[in-house]
Amino acid sequence: MLRQFATRSARTFARAPAVRTIATQPVTQPDLDYDFGALEPYISAEIMETHYLKHHRTYINGYNTNIAKFVDAVAQHDVATQTQLLKLINFNGGGYVNHNLFWKNLAPHSSGGGEHPSASSPLGKAIAAKYSSVDKLIAATNGKLAGIQGSGWAWIVQNQASKEVEVITTANQDTVPAGYTPLVGIDAWEHAYYLQYKNVKADYFKAIWNVINWKEAESRFLVN
Ligand code: MN3
């Protein structure tokens with residue numbers, strides 16, 4: 001009995017270095033599927049370039065830096081520092097993940113951006129069941145976007161329990177909560193529109209649907 005226990009803990013211990021290696025592996029930025037200027041006139045090349053090269057990279061660097069610091073703080077048994085770093089890891093990691101989803105949610109108008117899901121597709125049917133039409137779902141999403149105070153995101157999600165399509169918002173760089181699959185995410189931070197739309201964010205919310213990649217949303221929608 002004792003020997004069995006000893007063997008098991010030795011095995012658990014032996015796995016520890018592998019976990020540490022994975023945790024300290026820096027995350028990298030995925031390539032964009034289109035050029036910075038490919039979403040014009042709806043989203044300017046200047047916005048895309050700044051958003052991708054500056055904002056997204058800052059989240060990535062922040063995430064990698066703070067993960068490395070966290071691993072050091074664990075090694076030094078510095079609990080107070082660990083607690084503070086987790087907040088930064090959550091924020092920057094959220095910024096990393098949310099933008100990865102966002103870039104995939106966009107597509108040039110000339111290559112299918114803005115094309116609604118077909119009424120006969122599983123997503124098309126789910127949208128019709130809950131919102132009656134894609135246009136009404138868009139209006140509901142724009143309503144949620146308009147209501148965001150400060151920085152955040154609106155998400156068209158699939159509720160994993162009911163399988164239904166819903167619209168939710170998240171604050172800052174919080175990710176979609178457990179139990180939801182993000183289908184379409186709209187970045188409502190000022191950096192996502194200000195260079196082009198200034199204070200008229202409603203125009204950005206209206207324009208972005210011309211470059212939404214609904215095929216990507218369909219690929220995330222789970223039928224079962
Ligand atoms: Mn952003």
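Only the coordinates and a few stated rules stand behind these numbers; no lab work does. No experiment lies behind these values; they were computed from the predicted model shown. When we count neighbours, we look across all protein chains shown, and the Cβ atoms used for this are built from the backbone with ideal geometry, even at glycine.
Helix-derived [θ] at 222 nm for the chain: sum -39500 (n - 2.57) over DSSP H runs of at least 4, divide by residue count, nearest 500?
Details: 9 runs with 116 residues, N = 224.
Computed mean residue ellipticity for the chain: -16500 deg cm²/dmol.
Would you calculate the separation in nanometres between label points at residue 84 and residue 28, each defined as 7 Å from the Cα along the Cα-to-beta-carbon direction?
With each label point 7 Å from Cα toward Cβ, the separation is 3.2 nm.
For the chain, take the longest principal axis of its alpha carbons; what is the angle in degrees between that and the long axis of helix 2-24, to the nearest 10 within 0 to 90?
40 degrees
Using alpha carbon centroids, what distance separates segment 183-198 and segment 76-111, in Å?
17 Å
Multiply the residue gap between residue 172 and residue 57 by 0.36 nm, knock off their C-alpha separation, and tell me the result in nm, one decimal place. Write out the running numbers ahead of the final one.
Details: separation 115, 0.36 × 115 = 41.40 nm, distance 1.65 nm.
Extending this stretch completely gives an extra 39.8 nm.
On a 0 to 90 degree scale, rounded to 10, what angle separates helix 57-75 from the longest Cα axis of the chain?
20 degrees
Checking the cross-link filter: which aspartates and glutamates have an alpha carbon closer than 18 Å to that of residue 163, excluding same-chain neighbours under 8 positions apart?
Once the sequence-local aspartates and glutamates are set aside, what remains near residue 163 is 216, 218.
Quick one: angle between helix 79-105 and the longest Cα principal axis of the chain, in degrees between 0 and 90, rounded to 10, please.
Roughly 40 degrees between the two axes.
Need the list of lysines near residue 87 for cross-linking: C-alpha distance under 18 angstrom, and skip anything on the same chain fewer than eight residues off.
Partners found: 69.
Under the definition of Cα pairs under 8 Å and six or more residues apart, what whole-number percent is the relative contact order of the chain?
Dividing the mean separation by the residue count of the chain yields 23 percent.
When we measure straight from the Cα of residue 144, which aspartates and glutamates land under 18 angstrom away, once same-chain ones fewer than 8 places off are left out?
Filter leaves 135, 164, 166, 174, 187, 190, 203.
Taking N as the number of residues in segment 69-134, what is its Cα Rg relative to 2.2 N^0.38 Å? Spell out each step's value before the answer.
Working: Rg = 20.8 Å, N = 66, 2.2 N^0.38 = 10.8 Å.
In units of the globular-protein estimate, segment 69-134 measures up at 1.93.
Any idea what the dipole of segment 144-224 comes to, in debye rounded to 20, about its Cα centre with Lys/Arg Cβ at +1 and Asp/Glu Cβ at -1?
Details: 7 positive and 8 negative charges, 27 e Å.
It comes to approximately 120 debye.
When a footprinting reagent is the concern and you count Cβ atoms within 10 Å, what order do 216, 164 take, fewest first?
Working: 216 19, 164 14.
Arranged by neighbour count, lowest to highest, 216, 164 become 164, 216.
For the residues 74, 97, what sequence is obtained by ranking on other C-beta atoms within 10 Å, fewest first?
Details: 74 15, 97 18.
So the residues, fewest neighbours to most, are 74, 97.
Largest first, please: the extent of the C-alpha atoms of the chain along each principal axis, to the nearest Å.
Here the spans come out as 65, 40, 31 Å, largest first.
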